[in-house]
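A.B. asks: Pasting a structure here, questions to come.
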Amino acid sequence: MKEFIHIRTSGRDVLPPEEKENLLLTRLAEIPSLIAALSGGADSAYLAWAAHEALGARALSVTALSPSYSAHDRAVVEEFVGKLGVRHEFIETHEMENPAYRANAADRCYFCKDELFSALDELAHSRGFAAVAYGVNADDTLDFRPGHRAATEHQVLAPLLDAGLRKSEIRHLSRRAGLPTWDRPASACLASRLPYGTEVTPERLGLVERGETALRALGFRQFRVRLHDKLARVEIAPDEMPRALAPEMAAAIADGLKAAGFAYVALDLEGYRQGSLNETLSSSGKRSATAGRGT
């Protein structure tokens, strides 16, 4: 069933979201059986739902646990699969054992996804599943995502991309389907909070997770705690920024992050934006990380 990964999407951008969903479900139903990678974000959750709708017990959603995966994300997944009755399992991945991953160069995501898809390939082979899929969408092709190269190498299916679905459409369709993840803020692994070149360690990941837990306890929804040695650079969504800048709240943020283990706390006045650490990469660096394993 590997041929599905290269379905042409030309002309599908003009289709209404509901027609794209029908196309998605039709194509999924043609696959004998499928493992869907489920991180708990809006895209992977929608894919898990669609696979469950199209294939029933012939679909298995799988979530990989590692030090870079937060306890909050795990709780989101547990709630999601419990509410919808999606067939699901947790597995462990070991990207932290790979020095190339820990080195945290621009192609870090490649090594993470290579480990993930290797584990899912092994699971599919041992259980007799026909294919593995992940939740990349049409908008992701416009961003810097070296992990996509690993998906190509492992011939992982991209059903949402093949159907031409964009992020806004996935949120719309998720809401229509009653999925609790329809408006979930963008999420990424904890390692994405470390600047390139800063070694990925369990201790640093734990520090970031404690910091973000503190912000979540203060009621913020969309944010990142970027680690810069002993300093936490806090990015908060623009619509939440006025609340963060109020003197009492600013003091609470500082207290919470210092209690988590940071020595200094700074609020980034540009606010939250996806991939802000990619701003330090040159165009040639991005090309190298996307096209090859790098040096």
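A.B. asks: If you take the charge dipole of the chain about its Cα centre, with +1 on Lys and Arg Cβ and -1 on Asp and Glu Cβ, which of A59, A250, C189 is farthest toward its positive end?
C.D. replies: Going by the charge dipole, the pick is A250.
A.B. asks: For the stretch 92-191, what's the relative contact order in percent, using C-alpha pairs closer than 8 Å and at least 6 residues apart?
C.D. replies: On the way: 95 pairs, mean separation 23.7, N = 100.
Worked out over the stretch 92-191, it gives 24 percent.
A.B. asks: Now a separate question. Between G128, G219, G164, where does the largest GNM mean-square fluctuation fall for the chain, given springs only between Cα atoms within less than 10 Å?
C.D. replies: Among G128, G219, G164, the largest mean-square fluctuation in the Gaussian network model of the chain belongs to G219.
A.B. asks: Among E115, E203, E53, which one shows the highest mean-square fluctuation when the chain is modelled as a Gaussian network with alpha-carbon springs under 10 Å?
C.D. replies: The residue with the greatest mean-square fluctuation here is E203.
A.B. asks: Would you mind telling me which residue in T93, T141, T201 has the biggest mean-square fluctuation in a Gaussian network model of the chain, where springs connect alpha carbons within a distance under 10 angstrom?
C.D. replies: Its mean-square fluctuation being the largest, the pick is T141.
A.B. asks: Grab the DSSP H runs of the chain that are 4 residues or longer, score each as -39,500 (n - 2.57), total them, divide by all residues and round the 222 nm result to the nearest 500 deg cm²/dmol.
C.D. replies: -13500 deg cm²/dmol
A.B. asks: Now for a separate question. So for the chain, what percent of the C-alpha to C-alpha distances run longer than 25 Å?
C.D. replies: 50
A.B. asks: How large is log10 of I(q)/I(0) for the stretch 129-255 at q = 0.14, 0.16, 0.18, 0.20 Å⁻¹ when the intensity is taken from the Debye formula with one equal scatterer per alpha-carbon?
C.D. replies: After summing over all Cα pairs, the log10 values are -0.84, -1.02, -1.14, -1.21.
A.B. asks: Here's a follow-up. Among L47, P32, A103, whose Cα lies farthest out toward the positive end of the dipole of the stretch 1-134, if unit charges sit on the beta carbon of Lys, Arg (+1) and Asp, Glu (-1)?
C.D. replies: After comparing all options, I get P32.
A.B. asks: Out of every Cα-Cα pair in the stretch 34-180, what percent are more than 23 Å apart?
C.D. replies: 33
A.B. asks: Would you list the membrane-span-like helices of the chain, meaning whole DSSP H runs whose alpha-carbon atoms span at least 15 Å along their axis and whose mean Kyte-Doolittle value is at least 0.5? Could the numbers behind the result be given before it?
C.D. replies: Values: long enough: 17-29 (18 Å, -0.59); 42-55 (19 Å, 0.37); 71-84 (20 Å, 0.02); 108-127 (29 Å, -0.37); 202-217 (22 Å, -0.49); 247-260 (20 Å, 0.58).
Long hydrophobic helices here: 247-260.
A.B. asks: If you place +1 on the Cβ of every Lys and Arg, -1 on the Cβ of every Asp and Glu, and leave all else neutral, what size is the dipole of the stretch 109-168 about its Cα centre, to the nearest 20 Debye?
C.D. replies: Values: 6 positive and 9 negative charges, 32 e Å.
The calculated dipole for the stretch 109-168 is roughly 160 debye.
A.B. asks: Report the net charge of residues surrounding F90, where surrounding means a beta-carbon distance below 10 angstrom and charges are Lys +1, Arg +1, Asp -1, Glu -1.
C.D. replies: Result for the local shell: -2.
A.B. asks: In addition: Pick out, from G85, N137, N22, the residue whose Cα sits farthest towards the positive end of the charge dipole of the stretch 1-160, with +1 on the Cβ of Lys and Arg and -1 on the Cβ of Asp and Glu.
C.D. replies: N22
A.B. asks: Working from the pairwise distances between different alpha carbons, so that the mean of 1/r is found and then inverted, what is the stretch 95-176's Kirkwood radius in Å? Working shown, then result.
C.D. replies: Values: mean 1/r = 0.0717 Å⁻¹.
Final number for the Kirkwood radius of the stretch 95-176 is 14.0 Å.
A.B. asks: Same structure again: For R87, what accessible surface area do you get with a 1.4 Å probe? Give it in Å², rounded to 10.
C.D. replies: Rounded to the nearest 10, that gives 100 Å².
The values are calculated or read from the model by the stated rules, or taken from the named source; none is laboratory data. Computed from a predicted model, the values in this text were never measured in an experiment. As a convention, Cβ positions derive from the backbone with ideal geometry for all residues, glycine included, and neighbour counts pool all protein chains shown. Side chains are part of the model used for accessible areas, which takes the heavy atoms of the whole protein and leaves out ligands, DNA and RNA. Shrake-Rupley method; radii C 1.70, N 1.55, O 1.52, S 1.80 Å.
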